[in-house]
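*Asks:* Have a look at this one before I ask anything.
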Amino acid sequence: MVQGIGGLTGETLFATLGQIVPLIIVVVIFILALEFALYNLLSKVFKLQNALAYTLLSPAAVAILVFMIYPLLFNVLLAFSDLKRDTFGCYSPVSVATCQLDHLYGLDYAIDNFTKVFFRIRDGQIVDWGRLLTTAGSTFPALLGRTVLWTFFNVIFHFSGGLALALILNQKIRLKGIYRSLIVIPWALPGVITFLTWKQEFHAQYGFVNILLGGFGIAPISWLDNPIYAFVAIVFVNVWLGIPFYMVMLLGGLQSISPEYYEAAQMDGAGAWQQFRFITMPLLRPILIPAVTLDVIWTFNKLDLIVVMTNGGPQEGTNILVSALYNAAFGTSATQRLGFASAFSIIIFVILFIFAIVWITTSGGLKEIYEK
Amino acid sequence: MKIKFVVLMVVALLALGSLSAVVAQDAMGPYTLVMWSQDGDTNNAVIAGLFEQWAAEFAPGSTLEIVQKETETLRNDLQTAGLAGSGLPDFFLGPNDAIGPLSDAGLLQPLDELFDMSMYPFNLGAAQIAGVTLGVPTNAGNHLMLMYNKSLVETAPDTWADLIAAANAVEEADPEIQGFAYNLNEPFWFLPFVHGFGGSTFDEEGNFSMDTEAWVNAYQFVHDLKFVEEVVPAECDYNCASDAFKAGTTAIILNGDWAIGEYLDTEVSPALGPDNLGVAPWPAYEDGNRPQPFTAGKFISIPVTTADAQLEGTVAFVTWLTTDAAAVEVHALGTGRLPAIAGIPVEDPILQASQAALETGVGMPANPALRCMWDSVRPNLEGVMSDALDAATAASESQISAELCLEG
Amino acid sequence: MSSLSETTSTRKRQSGLDWMQIRLILGGIIAVIGLVLALLSNEWGYLLGGVLLGLLAWKWQHGILVAYSILSVFPVLRIIAISLRPTSALLSRTIEIIPANATLASYSALFTEENFLLWVWQSLAITVTVSIIGVVVAATGAYAFSRWRFAGRRPGLIFLMTTQMIPAGMLIIPIYVIVAQLQLTNQIIGLVLAYITTAVPFSIWILKGYYDTIPPDLEEAAMVDGCNRMEAFYRIILPLSTPALSIVFLFNFLGAWAEFIVAKVILVSNAVWTWPLGLNDFIGNFNTDWGKYAAGSVLVTVPVLLLFMWQSKYLISGLTLGSVKS
């Protein structure tokens, strides 16, 4: 059945190289040509002072424009379409399938797509919250609520776990280097393997979690069969995954705090808790705020873990906003409503963006980064 | 400009990559065919063997690449190819419920002109939409039935009470062995229970009728099997049931005819083989009615992109595979599935039992709305099977979400 | 914090050496109880529990750290254990690391029954390409952000920050449609283009952070000596930035190496899969093959893990530098 060794033959080896090598060559030539042309244009024709800066920036700018801005704008266009599985043929450049739409893009589609994210309309009346997926629990407020819970629990546990480990590791103890190397392993493991392995560890019969609980006389739990237990399981795995990041960040922060502060505090008679409260925490703040900001954003957007471990199930009960979005667009239980999903994705982005602006302006956390 | 660049780059690279393929395609005579198959490895191997035999005789040098895909992946991938306008296989083998949505998208070739449809007397309706035939049956059946390991359970249980007693007896004799298991959360395994209580997916007008007493009873029944009788494992998917059955650590399962070939092969299934595998219709409820599995068969369909030599090769091979008496017999015996054409004697006892089980089934409608039923039942069944949803709510929720799905 | 621990240890010393000795003895007793229970019941979990509790009683910091280290390494140990199991024992409740009648059958199956090596090769080709292009594009871009105060700089930096906020779905949907319309489905180039999207902003971010730590005096000195700005960049800044450049390369590599979601959407055919898709298939498909999954996981994880542990201090400082420290 399988050719060569593990599917690798001279032919398949070169088939891949035949795609990759020309790509790299084309990109390099393109970058050089772009920089050369742009530099001459800006410095000699326009006599710009910062010509070199713009030139150096241009490859990145083009990459971001082509691979990010253009797709994002295209996403907005898709929100004005009725693209779904049954209409794929209409939007295909090489029309294989038949098309039953009279127009491809229109405001009517956009209104329909955005409305459906929130409401279910029947005969011009709002009858209920809209269902983003199949079940009654897959409404926008329900998913938003779950996303907030998910983010809250994860960030809290990431922070407290990471801080506890960092405080212990910051003491004078032996084998510090070894502990640190072992504790950061979750971070280094390829995500898919982490998720699939943990998924199996939560298996009711053969998973280690139940074997361990069984050792304490606890009856086996069908972790991934019940929405609440499944939610606990995915939170656990993501906490496990996120603690090393905080530990490393906070350990770096703790080590940079000068011992003199503590000595001065001791002379003033401050106890351990007071030292922690009034010296350690304030001095960790510059590291903590950006770390928490990034963590909130990452956790809010944590798609791969949920798709691999539960795919939002059972009963669509472990979906957060982004996984519901993924399932609305690509899931097996929906009809690949890509136009609708584009509208949904824009709404999610707006929520995150508002959060970020409010949080960053109130905490002042990222000020230093972009003001420098 | 940037887009042009991407396109240019893409064109250049595609030209490079496809050069060899184009050269190969231009040569006439030997066919290089690609088939997507929803069948398991054992059955695909049977088809691969038959293809070699056919190629040796009629088209020397031809090759067939078989790519195995799960039911939903098959449907997804075919529809995605509709957006790309390319990447479709020359033909694919799958259950008939993929045909509805694919035909909606206009991705399938009408086959009435290409094949002599009078050859296939059974089940053709399951592959016809508005009178147009979109699939050639490779076999009849695709039905779920009761399978048991004769070394653990002597006779097939005839009622659910018998089954529960038999399963408990097995577990008492050896606690390491599971008495009874099946793919708990998969709607395909649940629908027979509904049919047994007199329910169906559509009413006479073709509207969903899922919020009925039969559906409630069925949800309640599968719930009770797990939480009252405690006769099924806490978690069980297809693999859990099938793998354990093959290994001899589960005594009774519910599975489809597609697995028979695998179970007869003692290399794959050390605990089974012709001596130990028993096959029977579903056990009866208290009132004597039996759950009725969906029946249809597997069908080969041809995407609209298959043309010229590819189409010629495909039609020639598929015609031979499904109508040549010797080929049909090899296929039936190798896969343990019932032939789709008349006049092929079935003497194998397992196949006869499978035939008996087939006769208890109900034909699967070719209505494209059927996929909305599958999609809406899944989460509700999950809810019932985790004791989180009561049967009545599950039934009414199934109805609502199926209707919403249809609205799009 | 170091002085905090000093105070506590001084306090312990004041209350006498006996206290530490008592705890040592207590810990020893607990460990021995664990050993006895393990010997009696043949369940080695008791020994592990006893040793951990004993350690906790003796030096609680070590107790916690050892327990947490075990939890961190645990999935790796499990996949190793499962990869060595014979097929008949795949579904078992044992927790030994080297199972009874261990076998390498799962490993050999990867090479004889599956396209495993092809998947890894595809992943490698994609990942290396993305990493190279990411570094090349980001190296000069980040330099511009670090050294010039040009119009559009601030919005540019804020935009780079904002890209972190874009939900994956918001990019996957248009990229999927674009890739499909360009007929790049199943082409690894489609995937490379998609990955570059995420690689570039993050790379610029890390590199800019690093360049900022290099004093501009260095280039100015070189320019006084007759170099022009670009020569100064290539001769002075780039060599000095080797650590940061390799970190960026590695992060792009690690990010693309294990990427699953976009690959799943773009690569459909088994023959062009990357390894995450292949491994997922072992679990998700009709024929669950735990052994193959575990063996494949070990093969793709162990090299990355060794690299990571060998360079962990270096890598971590790089990430800290780029993403958080200003």
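*Asks:* Going through the cross-link list A:199/B:226; B:246/C:264; B:69/B:246, which pairs have a Cα-Cα distance over 27 Å in this structure?
*Replies:* Beyond 27 Å: B:246/C:264.
*Asks:* Per residue of the protein assembly as shown, what 222 nm ellipticity follows from adding -39500 (n - 2.57) for every DSSP H run with n ≥ 4, rounded to the nearest 500?
*Replies:* -19500 deg cm²/dmol
*Asks:* Now a separate question. From the square roots a ≥ b ≥ c of the eigenvalues of the alpha-carbon gyration tensor of segment B:132-286, which class results: rounded (a/c under 1.5), prolate (a/b over b/c), or oblate?
*Replies:* It comes out oblate by the Cα gyration axes.
*Asks:* When a/c is below 1.5 the answer is rounded, else prolate if a/b is larger than b/c, else oblate, so apply that to segment A:140-371 with a ≥ b ≥ c taken from the square roots of the Cα gyration tensor eigenvalues.
*Replies:* Note, shape of segment A:140-371 comes out oblate.
*Asks:* How far is the Cα center of segment B:103-153 from the Cα center of segment A:147-217, in Å?
*Replies:* First find each Cα centre; the distance between them is then 50 Å.
*Asks:* Could you pull out every one of the aspartates and glutamates with an alpha carbon less than 20 Å from that of residue C:208, ignoring same-chain neighbours closer than 8 positions?
*Replies:* Hits, sequence-local ones excluded: A:35, A:368, A:371, C:217, C:219, C:220, C:231.
*Asks:* Which aspartates and glutamates have a Cα lying under 20 Å from the Cα of residue C:59, excluding residues fewer than 8 positions away in the same chain?
*Replies:* Output for residue C:59: C:6, C:18.
*Asks:* Return the Rg/Rh value of segment A:10-79, two decimal places, where both radii are evaluated on C-alpha atoms and Rh is the Kirkwood radius.
*Replies:* Computed over Cα atoms, the ratio is 1.17.
*Asks:* Please list, by residue number, every one of the trypsin sites (Lys or Arg not before Pro) in segment C:97-171 that is coil in DSSP and has at most 11 other beta-carbon atoms within 10 Å.
*Replies:* Passing both the DSSP loop test and the Cβ count: C:149.
*Asks:* Something else about it: Cα gyration tensor of the protein assembly as shown, axes a ≥ b ≥ c as square roots of the eigenvalues: rounded (a/c below 1.5), prolate (a/b > b/c) or oblate?
*Replies:* Note, shape of the protein assembly as shown comes out oblate.
*Asks:* Still on this structure, I have one more. Highest mean first, how do A:116-126, A:314-324, A:280-290 rank when packing is the count of other Cβ atoms within 10 Å averaged over residues?
*Replies:* The packing order, highest mean first, is A:314-324, A:280-290, A:116-126.
*Asks:* Pick out, in residue order, every one of the GluC sites (Glu not before Pro) in segment B:52-158 that is DSSP loop and has at most 10 other C-beta atoms within 10 Å; say none if there are none.
*Replies:* Hits after loop and neighbour filter: B:113, B:154.
*Asks:* Residue by residue through segment C:68-74, which ³J(HN,Hα) values in whole Hz follow from phi under the Karplus form 6.51 cos²θ - 1.76 cosθ + 1.60 (θ = phi - 60°), with glycine and proline marked x?
*Replies:* For segment C:68-74, the Karplus curve yields 5, 4, 4, 4, 5, 7, 3 Hz.
*Asks:* Got a sec to turn the phi values of segment B:31-42 into Karplus ³J(HN,Hα) couplings, 6.51 cos²θ - 1.76 cosθ + 1.60 with θ = phi - 60°, whole Hz, x for Gly and Pro?
*Replies:* Result, rounded to whole Hz: 9, 10, 10, 10, 10, 9, 10, 8, 7, x, 4, 4.
*Asks:* Could you state the number of Å between the C-alpha centres of segment C:135-170 and segment A:64-126?
*Replies:* Taking the Cα centre of each part, segment A:64-126 and segment C:135-170 sit 30 Å apart.
*Asks:* Arranged by the count of other C-beta atoms within 10 angstrom, fewest first, what order do A:295, C:225 take?
*Replies:* C:225, A:295
*Asks:* Local charge sum around residue B:43 (other residues, Cβ-Cβ under 11 Å, Lys/Arg +1, Asp/Glu -1)?
*Replies:* Neighbourhood net charge equals -3.
*Asks:* Could you run the Karplus curve 6.51 cos²θ - 1.76 cosθ + 1.60 with θ = phi - 60° over segment B:102-119 and give me ³J(HN,Hα) per residue in whole Hz, x for Gly and Pro?
*Replies:* Using θ = phi - 60°, the values come out as 5, 6, 4, 7, x, 9, 10, 7, x, 9, 4, 7, 8, 10, 8, 5, 5, 5 Hz.
*Asks:* Could you compute the net charge surrounding residue B:329? Neighbours are other residues with a C-beta less than 12 Å from the C-beta of residue B:329; K and R count +1, D and E count -1.
*Replies:* Around residue B:329, the surrounding residues sum to -2.
*Asks:* Taking the Cα centroid of segment B:192-207 and of segment B:267-321, what is the distance between the two, rounded to the nearest whole Å?
*Replies:* Their Cα centres are 23 Å away from one another.
*Asks:* Let me ask another. Need the list of aspartates and glutamates near residue C:292 for cross-linking: C-alpha distance under 14 angstrom, and skip anything on the same chain fewer than eight residues off.
*Replies:* Hits, sequence-local ones excluded: C:113, C:114, C:281.
The numbers here are math on the coordinates, done by the rules we state, and not lab data. Keep in mind the model is a prediction, meaning the values are calculated, not measured. Neighbour counts run over all protein chains shown; Cβ positions are idealised from the backbone, glycine included.
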